[in-house]
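The values are calculated or read from the model by the stated rules, or taken from the named source; none is laboratory data. Keep in mind the model is a prediction, meaning the values are calculated, not measured. In this analysis, Cβ positions are derived from the backbone assuming ideal geometry, glycine residues included, and neighbour counts consider all displayed protein chains.
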Amino acid sequence: MKLHEVERRSNLSNEEFREEYLKKGKPVVFTDLTKDWPAVQKWSAAFFKENYGHLLVPVYSSNYSKPGKGYMSHDKQMNFKEFLEITEKGNTDLRLFLYDIFSPAPELRNDIRFNGPLAKTIKRFPFCFFGGEGAEVTLHYDIDCANVFLSQFVGNKRVILFPPSESKKIYHHPFTVKSLIDPVHPDYEKFPALKHVEGYETILKHGETIFMPSRYWHYMEYLDFSFGLALRSQNGIHTHIRGGFNLAAHFLLDKGFNFAVGNKWHEWKERKAFENAKPFEV
């Protein structure tokens with residue numbers, strides 16, 4: 001596996017972004033896209049505990065990817081303040097995932113700016129992600145096939161990316177948007193095709209924004225307590241249609257068969273992933 005460092009750019013114009021990254025489907029880190037956002041200085045664990053600690057939030061863990069009853073579901077709900085206190089201490093796999101904090105707290109929208117490349121993002125669906133040191137987001141691509149702009153607040157996050165062209169080599173599970181490989185500690189004996197994979201990596205820091213193009217695979221590791229905000233933009237009608245297919249496959253096929261046959265469905269997907277990767281294992 002060969003990982004290249006994601007390019008880091010400041011003062012990137014809309015035209016430069018469009019020509020050098022958006023059209024080419026290439027990731028980039030904006031070092032200054034959020035410099036005028038009040039959220040960069042204002043949002044912290046203390047701020048959320050004091051003002052929004054009463055909110056009831058859906059909490060996820062590593063059980064999210066495991067077959068069975070809890071497959072792709074949250075573990076439980078808990079008080080936001082309690083969740084933040086747990087994750088600030090670290091050494092927990094608990095995290096908030098695709099959490100729309102703007103629904104119960106619409107005034108927080110005043111703390112972000114839809115500037116530059118973010119002007120064309122979908123304003124209705126800004127999602128937050130919170131996690132403590134050691135929490136991981138397993139390798140996947142976003143089910144709606146949108147372009148994603150992930151801005152980091154507080155702490156550091158390791159990000160590993162792979163383009164869609166590498167899907168078979170990373171043992172993509174059919175009818176899902178997931179791969180169960182560990183890109184930090186790749187097992188070349190079990191997954192020999194990984195020897196031929198190329199991707200990107202970076203450490204995303206406070207105030208930085210990473211652009212992840214449509215259908216890009218991404219793995220996240222919380223190096224310490226941190227949280228981020230994801231804004232999305234559609235990449236054309238073809239990816240919009242593909243996103244609709246993914247949603248149907250997930251809710252009708254993947255979750256349906258998981259509910260009906262459980263681990264046997266997981267084992268079938270894994271066999272197919274190995275079959276599809278076989279031509280790349282030489």
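Hey, can you tell me all the residues within region 93-109 that are free of Cβ contacts under 8 Å to residues at least 12 places away in the same chain and not hydroxyl-bearing (Ser, Thr, Tyr)?
If the condition is that a residue be free of Cβ contacts under 8 Å to residues at least 12 places away in the same chain and not hydroxyl-bearing (Ser, Thr, Tyr), then Pro106, Glu107 are the ones that fit.
Can you find a residue that is surrounded by fewer than 14 Cβ atoms within 10 Å (Cβ to Cβ), β-branched (Val, Ile, Thr) and under 20 Å from Ile160 (Cβ atoms) anywhere in region 207-218?
No, region 207-218 contains no residue that is surrounded by fewer than 14 Cβ atoms within 10 Å (Cβ to Cβ), β-branched (Val, Ile, Thr) and under 20 Å from Ile160 (Cβ atoms).
Table: residues versus (1) buried (at least 16 other Cβ atoms within 10 Å of the Cβ); (2) in contact (Cβ under 8 Å) with a residue 60 or more places away in the chain.
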residue: Glu5; (1), (2): no, yes
residue: Asn11; (1), (2): no, no
residue: Asn14; (1), (2): no, yes
residue: Glu19; (1), (2): no, no
residue: Val29; (1), (2): yes, yes
residue: Lys35; (1), (2): no, yes
residue: Trp43; (1), (2): yes, yes
residue: Lys49; (1), (2): yes, no
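Please go through region 189-209 and pick out each residue that is closer than 16 Å to Val154 by Cβ and not in a loop (DSSP other than H, G, I, E, B).
Ile203, Leu204, Thr209
For region 160-177, how many residues meet the condition of being surrounded by fewer than 22 Cβ atoms within 10 Å (Cβ to Cβ), outside any loop (DSSP other than H, G, I, E, B) and not polar (S, T, N, Q)?
The total comes to 3.
So which residues in region 124-154 are out of contact with any strand residue (DSSP E or B) (no Cβ under 7 Å at 6 or more places or on another chain) and among the aliphatic types (A, V, I, L, M)?
Within region 124-154, just Ile143 meets the criteria.
If we keep just the residues of region 106-119 that are in a loop (DSSP other than H, G, I, E, B) and either in contact with a Phe, Trp or Tyr (Cβ under 6 Å, 6 or more places away or on another chain) or not hydrophobic (A, V, I, L, M, F, W, C) (or both), which is surrounded by the fewest Cβ atoms within 10 Å (Cβ to Cβ)?
My answer is Asn115.
For Val6, state whether it is at pLDDT 95 or above and more than 24 Å from Lys123 (Cα to Cα).
Yes: the conditions hold for Val6.
I'd like the residue in region 236-257 that is of a type outside the set (A, V, I, L, M, F, W, C) and more than 18 Å from His140 (Cα to Cα) and, out of all such residues, is farthest from the chain's Cα centre (by Cα).
Gly256
Quick one: which of Glu189, Glu198 is more than 19 Å from Val137 (Cα to Cα), out of contact with any His (no Cβ under 6 Å at 6 or more places or on another chain) and without any contact (Cβ under 8 Å) to a residue 60 or more places away in the chain?
Glu189
Can you give me the number of residues within region 210-257 that are assigned to a strand (DSSP E or B) and either out of contact with any strand residue (DSSP E or B) (no Cβ under 9 Å at 6 or more places or on another chain) or at pLDDT below 80 (or both)?
Of the residues in that region, 0 qualify.
How many of the residues in region 138-152 are part of a strand (DSSP E or B) and either under 14 Å from Pro163 (Cα atoms) or in contact with a Cys (Cβ under 6 Å, 6 or more places away or on another chain) (or both)?
Residues flagged as part of a strand (DSSP E or B) and either under 14 Å from Pro163 (Cα atoms) or in contact with a Cys (Cβ under 6 Å, 6 or more places away or on another chain) (or both) within region 138-152 amount to 4.
Hey, Ile122 hits all of (1) in a strand (DSSP E or B); (2) β-branched (Val, Ile, Thr); (3) touching a residue at least 60 places away in the same chain (Cβ under 8 Å) but one; which does it fall short on?
The failed condition is (1).
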